[in-house]
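Reviewing the structure listed below.
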């Protein structure tokens, strides 16, 4: 009789002596070791093995990054999704002229009578800039006279320059949604409108005071301002509305909208953008004698 490899292996396995196993009581036993069975439910194990890891947010398909983008209309509304790369060099012949000493914004959108709705993506990998405008910040400015302003600012994980977002409205509302990575100062000025924050954003705000319709806050970890004697050079949000309300929330939302039920705060608050000197001397003006 011819025995194949399988039969030979089986026979050898039967004749092979078993190694003694140490039992829980400390004695040796000839019994085979116990079979180990995973405590994870089979359905759960299949789900974990088949579920891919969460991916970072990506820009919508078809949006190509640009810089120094200017959009200006008088009667029409503006609705755009844009990606801004503050390090992208644009030929000067393609750019509108600016006055001497004027800051050239990375994004500038204006409509006189129409509303402005913007979905803004800030491209990562641009943590350092060659210019020194506003401390190398990415400057994004949006303005409307008689229409509403609704902006949603998104950032993709990765190094990026500080954000300087300026929203100005005369007779309409301002709704601003910020990325969770936003850490910095918020200046709010409104003469005849209320101010509301979503609950999740409100919990991350440090108020600095209110004076003459102006408010100042710090969003995020205040300890990142390592030198209290120097001017802040990180993220900054400036909101100015004369006759309309202002609402601020995180862009991911987590189910929060702009309804009153999801916002905290309120009250009225000049219609001008705070100057550098006024921002620097905010505490001095709040606690000045006779104020």
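The values are calculated or read from the model by the stated rules, or taken from the named source; none is laboratory data. Worth saying up front: this structure is predicted, and the values here are computed from it rather than measured. All Cβ positions, even for glycine, are placed from backbone atoms using ideal geometry, and neighbour counts span all protein chains on display.
Kindly indicate whether residue 154 is in a strand (DSSP E or B) and farther than 23 Å from residue 113 by Cα.
yes
Please work out if residue 142 is closer than 21 Å to residue 102 by Cα and either at pLDDT below 90 or crowded, with 17+ Cβ neighbours inside 10 Å (or both).
Here the answer is yes, as residue 142 does meet what is asked.
Out of the residues in segment 173-202 that are more than 28 Å from residue 124 (Cβ to Cβ) and assigned to a loop (DSSP other than H, G, I, E, B), state the one that is modelled with the highest pLDDT.
173
Evaluate segment 225-241: report whether one residue or more is in contact with a strand residue (DSSP E or B) (Cβ under 9 Å, 6 or more places away or on another chain) and farther than 22 Å from residue 161 by Cβ.
Yes, segment 225-241 has at least one match.
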